[in-house]
1. Condition first: within 13 Å of B:F387 (Cβ to Cβ) and either in contact with a helix residue (DSSP H, G or I) (Cβ under 6 Å, 6 or more places away or on another chain) or free of Cβ contacts under 8 Å to residues at least 40 places away in the same chain (or both). Now tell me which residues in region B:153-190 satisfy that.
2. Could you tell me whether B:T465 is surrounded by 20 or more Cβ atoms within 10 Å (Cβ to Cβ), among the β-branched types (V, I, T), within 11 Å of chain A (Cβ to nearest Cβ) and in contact with a Lys or Arg (Cβ under 8 Å, 6 or more places away or on another chain)?
3. So A:L207 ticks every box in (1) in a helix (DSSP H, G or I); (2) touching a Leu at 6+ places or on another chain (Cβ under 8 Å); (3) modelled with pLDDT under 75; (4) closer than 30 Å to B:L418 by Cα but one. Which box is left unticked?
4. Run down B:F437, B:F424 and say which single residue is modelled with pLDDT of 85 or more and closer than 30 Å to B:K484 by Cα.
5. Where residues in region B:487-525 are within 7 Å of chain A (Cβ to nearest Cβ) and of a type in the set (D, E, K, R), which of them is farthest from B:P152 (Cα to Cα)?
6. Name every residue in region A:28-46 that is part of a helix (DSSP H, G or I) and over 26 Å from A:E134 (Cα atoms), in order of residue number.
7. For B:S67, indicate whether it is outside the structural domain of B:R432 (by the TED database), polar (S, T, N, Q) and crowded, with 16+ Cβ neighbours inside 10 Å.
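The values are calculated or read from the model by the stated rules, or taken from the named source; none is laboratory data. Bear in mind the structure is a predicted one, so any value in this text is a computation, not a measurement. Virtual Cβ from ideal backbone geometry, glycine too; neighbours counted across all protein chains shown.
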Amino acid sequence: MGASQSGPVHMFQDLAHKTGFSTEQIKNLHNRFMYLTQDEDTLRREHLENISNLALNPIRRQIIEAFFDKRNMGEKERGCLQEIGFEEFVTVLSFFRPPKPRTADEMKNIKKEKLRFLFNMHDTDNDGIITLDEYRHVVEELLSSYETIGAETAKAISDAAMLEVASVTVGQMGPGEFYEGITFEQFMQILKDVEIETKMNIHFWNLDTRTMQCGK
Amino acid sequence: MSVRKRRIYIDYCGMFILVLGLLVGSLMPLGGAASSPDTGTGHGGSHGNKNPGNGTTYSKKPFPVLSFDYEHVRLPFEISLWVLLASLMKLGFHLIPRVSSIVPESCLLIVVGLLVGGLIKMVGEDPPVLESKIFFFYLLPPIILDAGYFMPIRQFTENLGTILMFAVVGTLWNSFFVGGLLYGVCQLEGHKLAYVDLLSCLLFGSIISAVDPVAVLAVFEEIHINELLHILVFGESLLNDAVTVVLYHLFEEYSSVGSITFMDVFLGIVCFLVVSLGGIVVGAIYGILAAFTSRFTSHTRVIEPLFVFVYSYMAYLSAEVFHLSGIMALIACGAVMRPYVEANISHKSHTTIKYFLKMWSSVSDTLIFIFLGVSTVAGPHQWNWTFVVATVIFCLVARVLGVVGLTFVINKFRIVKLTSKDQFIIAYGGLRGAIAFSLVYLLNPKHFPMRNMFLTAIITVIFFTVFVQGMTIRPLVDLLAVKKKQETKRSINEEIHTQFLDHLLTGIEDICGHYGHHHWKDKLNRFNKKYVKKCLIAGERSKEPQLIAFYHKMEMKQAIELVESGGGAKLPSALPSTVSMQNIQPKKPSQDRALPQLSKAREEEIRKILRTNLQRTRQRLRSYNRHTLIADPYEDGWNEMLLKRKKMKELEKKMNNYLTVPAPPPDSPTITRARLASDPQAWGLKSVTESIPTIKVDLASPQSPESVNVVDEFSKKGSQPKEEEGGLTMKVPSPAKQRKDKTPDEEPQQRLMRCLSDPGPAPEEIQPLRSCSGCALHI
C-alpha cells in the first residue's frame, strides 16, 4: 500500500458516503480488494475463483456472476462486465450491510433492494422473469454438492416450488393458460415472511484483512 | 347455557368431587403425610408372621371373601389420585372458556392447590409438601426434556450471545443486587433481622433471582408471543441453571464458615465453567449414544421412543452425580440427538415421542403448581413484613435494571436491535417458580435458622410473579402490540431461499476474507455431513440433503392431510387455486417425430379401454388374503405410496410424449370432455363411487399378472432412475403390498395419469376387450 494521499482518501470518503460504509470499513475493503487482485486495479472473475474457500460453495458461480452484473451497479443497463473496479466491488458488498435503524418506509426500500439483488441472481437471462428452467437451475446448484441426487429430484422440487408460487400469487388459472415465470412482485410476495432485511447481512466491523489468512 | 353444556358441567363436577373426596379420605384413616410407605409394609409383614407362630392354638376363622387392605397399595394409590386430580383440573379449566382466557392456567392450579391444602388441613391432617427429591427427579425432567427436544435450534444459536449475557451476567447481577440490598435492609431493620448475615442474604438472592423455566413456559405458551422474545426469555431460564447451581453451592458451603476469600471466588468461576460445559458435554455424549442406537432400531420400531426417554433421563442423572447442571445436560442431549434420531425413526415413533413428552410435561407442570399451592398451606411460615416486601421490590427493580443495562450493551453487537417494547416484555417475563421454592426447601434449618422466613418470602415472590405478572402479561402484550407468533407454514420456496441465503452469505464472507458467523456454521455443516451423519443415520438417509428431507416431509404432510380430510373432499387449503402442473410446463414445440395420428374418437375409445382394463385388475387385487394384508398399513404404506407417486410421475412424463397432452392445442369438445371425464381433479375429488371409473393406479401387486402386463415396462423403467437417487428414503418393504382404498394416490396438484401407457392396443385386440368393457363398467 502506498502512502495515503489526499486522492484515495477523498475517494474513500466519497464511497463511504455513497454506500453507507464507514471510512474505516472502506479502507479495510480496499485492502482486501488489493489482496484479491494482487495489487492490480481491476478485479476479474479468475481472481474470485482463486479463493479456495469459495470453491466448496455450491452456488459460487452465481455469486461470482453477481459481482459482474450490471444490474447490481445501479445502472439501468443489462449485461455483464468483464472486470470491475473497487467502486463496483464496494457497491455490490453494500447490499449486505446491516441497515441502521430507520423508518418503516426506508426499511421497506432496503428490503426491496436486497430482494432485487437476489432476483437478479436467479434471473440469469435478464428478462425480468424467473422461468421454470432458471429456477430448476437454482435448485440443481443447491443440491450439486450431494452427488447422489439425480436431476429428477431437482426437477420435482423446482416444479413444486414453482407451483406454489403460481398458486399463491396468481390463484386461479384455467387449464389452458401458461404461467410464464416469477416476476419481481411475485418474488417479493412469496418471500415476505423470510425477513430478508435482517437475515441478509454481514458484520463488517471486525474486517481487518491483514490478519486474515485466506489462502489463495 | 344449553342443556348439553349444563350436563357436561354437572357430570364433570360430580366426578371431580368424587375424586377429591377419595383423596381427602385416603389421607385420613392412617394419619401422617403421604411419604410413609414403611408402615404399610411393616403392617403387612406382621400380618404374615402371626399365623405360623400360634400353630396349636389356632382357631379357625371363616374364610375372608372380601377384605379391605389399603396399606397394600397406599403409595401408588395416592400418587395416582394426585395425578388424576391434576389432570381433571386441567380438563375443568378448558371447559370453562371465559376463565381460562383471563387467568393463566398456572394461577388457577395454584389456587386449587391452596384449596386442596386447606381442605386437608381442615380435616386435621398434614398436607403433603413438595419434596425436593420428587421435584428434581420426577417432575422437572419431563418438562425440560420437552423443551430441549423441541427447541428451535436455529433461533437459539442465532441469539446465543444475547441469551448467555442475560443468563449469566443478568443472574449474577440480580443475585448480588438483591442479596446485598437485603443485607443492608436487615442491618438497618435492627432487632428482628440482625441475625441474617451477608452470606445467607447472598444465598437467598441467588436462589430467588433465577428465572424459572416451568413458570415461563406455562405463561408464555398461552400468549403466543413472537419467537425471538420467546427464545430469549426461555433460553435465559434454561441456561441460568448453571449459575444458580454454582452460586447456591458456593454460598451454602461457606455460609457456615462465614467468610469467602478471593480464592473461593476464583474457584467459583472455574466451577461455573466446569458445571455448564460439563453438563453440556455429558448431555452431548448421551445424545450421540441415543442417535447411534436409533440407527439399529429398524426392526424393532416399538421401543424406539423408549431409547429417547431413557438416554435423556440417564444424561440428567449422570450430570447430577457430579453436581453438574442437569438441566443443561438434558437440553444438550435432546438438541444433539434430535436431527439424527428423527432421520432414523419411523413416523409413528416420532408422533409417540412428541405426545408422550407433551403429556408428561403437561402432567408435571400441573402437579408442580398444585403442590406449590398445597405446600403454601403446609409449609412452616414466618412472616416478616419488611423482609418480604423488600424482597419483592428489590427483585422487580433488579430485573428491570438488569435488562435495560444489558440490552444497552448487547444492542451494540446485534443486527436486530431489541426495542424498548422487547425489553419490557423480557423484564416482565422473568417469572420465578418452583425451582426456587425447592432449593430453599433443601436448606438445612440448622445452618439457616431463617429458613422459614426465606420460605415465606420466596412463596410471596412466586405468587406475585405468577399471579400479577402472569395475569397481566396477556393484556399488556395486546396493549403494546407486540408482534405475535407467525402461524404460517413453511413453504418450500422459503426453505430453498433460506438455504440459498446461507450459501450466499458464506460466499460473501469468504470473498471479504472475513471468518464470521456463516463461515463457521458452514464448516460445521460440512463436517456434519461428511462424518457425523454417516455414523449416526442409518442407510441411505445419511446422504439426504436437507432440502430433500424437507420436501419429503412436506409431501408426507400433504398426503396425511388429504387422507384425513376424507380423501374425497377438496383439500381445505389456504390456496384454493386451480393452478396445476400443466400451467407451468413450458409449451412443447411441435414434435417432429411421426406420431400415429389418432382420431379423436379413437383416442376416446383407447382411453375407455385402458380405464376398464385397470378397473378389472383392481377388482382382482381386491381379494384380501393373509399374505397381502399387512397388519400395519399406514407406516410402510407411506413409503409405498410415495414410491407409487414417484412412479406415476415417471409415467406421466412418458405419457406426455405419447398422447396429446392437455396443454397446447385447443381440444375438440370430445377430447375435452373425455379428459375432464377421466380427470380426477375435475371431479372435485369427491368420494369415489363404483360407477365412476376413476383411475386408481395400483402399480403394486406382483400377484396379478395383468397389471404387470400393462405397466410393467414402465415400472421397470421407472425404477431404474430411482436407484441412482440414493438420497430418497425409499425403503421398499417386503414384497407383500397392500392397497388402501381410501388413500388416493393423487394430490390436487399432481394430476393423475389420465390414461396409461401404451399408445393403444392393436385394432384386433380391441374387439374382445370391448365386450368386457361393458360389464366392467357396471361393477
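1. To start, the set of residues in region B:153-190 that are within 13 Å of B:F387 (Cβ to Cβ) comprises B:178-179, B:181-190.
Listed by number, the residues that qualify are B:V178, B:G179, B:L181, B:L182, B:Y183, B:G184, B:V185, B:Q187, B:L188, B:E189, B:G190.
2. Numbers: surrounded by 20 or more Cβ atoms within 10 Å (Cβ to Cβ): yes; among the β-branched types (V, I, T): yes; within 11 Å of chain A (Cβ to nearest Cβ): no; in contact with a Lys or Arg (Cβ under 8 Å, 6 or more places away or on another chain): yes.
Taking the combined requirement at face value, the residue does not satisfy it.
3. So A:L207 meets the others, but not (1).
4. Values: B:F437 fails: closer than 30 Å to B:K484 by Cα.
Exactly one of B:F437, B:F424 is modelled with pLDDT of 85 or more and closer than 30 Å to B:K484 by Cα, namely B:F424.
5. Filtering region B:487-525 for residues that are within 7 Å of chain A (Cβ to nearest Cβ) and of a type in the set (D, E, K, R), the one farthest from B:P152 (Cα to Cα) comes out as B:D510.
6. From region A:28-46, those part of a helix (DSSP H, G or I) are A:28-37, A:45-46; that's our starting set.
A:N28, A:L29, A:H30, A:N31, A:R32, A:F33, A:M34, A:Y35, A:L36, A:T37 - these are the residues of region A:28-46 that are part of a helix (DSSP H, G or I) and over 26 Å from A:E134 (Cα atoms).
7. On the way: outside the structural domain of B:R432 (by the TED database): yes; polar (S, T, N, Q): yes; crowded, with 16+ Cβ neighbours inside 10 Å: no.
Taking the combined requirement at face value, the residue does not satisfy it.
Listed here are the residues, each with its yes/no results for (1) among the hydroxyl-bearing types (S, T, Y); (2) buried (at least 18 other Cβ atoms within 10 Å of the Cβ); (3) out of contact with any Asp or Glu (no Cβ under 9 Å at 6 or more places or on another chain); (4) within 28 Å of B:D197 (Cβ to Cβ).
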{"residue": "B:C271", "(1), (2), (3), (4)": "no, yes, yes, yes"}
{"residue": "B:G278", "(1), (2), (3), (4)": "no, yes, yes, no"}
{"residue": "B:I285", "(1), (2), (3), (4)": "no, no, yes, no"}
{"residue": "B:S312", "(1), (2), (3), (4)": "yes, yes, yes, no"}
{"residue": "B:R338", "(1), (2), (3), (4)": "no, yes, yes, no"}
